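Below is one structure, written out as structure tokens; comments come after it.
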Amino acid sequence: MLDSIPLFPGLPGGPELLIVLLIIVLLFGANKLPQLARSSGQAMGEFRRGREEIEDELKKGAEEGESDDDEEEDETEAAAEATETEAENKQ
């Protein structure tokens, strides 16, 4: 039987990273690398801020949902008591 040979056997090491860096320099040029790194950093920062905003909204929504449940229970109890009081007054 033929054993399959993985295309990427593991995490890239030193020589592989040097080859990737060389290809990046050839594609983008040495002058554009700082701009590329800066824009990548800005994009990562925007992504992080967006993720944090969504997490905060979800936490607030969960907290409001819990407080809404408590308020609904209080309103239900108050309505039940009012109905009982009205029934007693009619008798």
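Laboratory data are not the source of any read-out in this text; all were calculated from the coordinates shown. Everything numeric here is computed off the predicted structure, so don't read it as measured data. Because the Cβ atoms are built from the backbone with ideal geometry, glycine has one as well, and the counts that use them run over all protein chains shown.
Brief remarks follow.
- For segment 13-25, putting each phi into the Karplus relation 6.51 cos²θ - 1.76 cosθ + 1.60 with θ = phi - 60° gives couplings of x, x, x, 5, 5, 5, 5, 4, 4, 4, 5, 5, 4 Hz, in residue order, rounded to whole numbers and with x for Gly and Pro.
- Approximating the spin labels as points 7 Å out from Cα along Cα→Cβ, the residue 55-to-residue 32 distance works out to 3.4 nm.
- Applying the Karplus relation 6.51 cos²θ - 1.76 cosθ + 1.60 with θ = phi - 60° to segment 37-43 yields 3J(HN,Hα) values of 5, 5, 5, 5, x, 5, 5 Hz, where x marks Gly and Pro.
- Net charge contributed by nearby residues that have their C-beta within less than 13 Å of residue 51 (K/R +1, D/E -1): -3
- Phi angles across segment 45-59 convert, under the Karplus curve 6.51 cos²θ - 1.76 cosθ + 1.60 with θ = phi - 60°, into 3J(HN,Hα) values of x, 4, 4, 5, 5, x, 5, 5, 4, 5, 4, 4, 5, 5, 5 Hz, Gly and Pro given as x.
- Between residue 18 and residue 46, the FRET efficiency estimated from the beta carbon spacing at R0 = 30 angstrom works out to 0.50.
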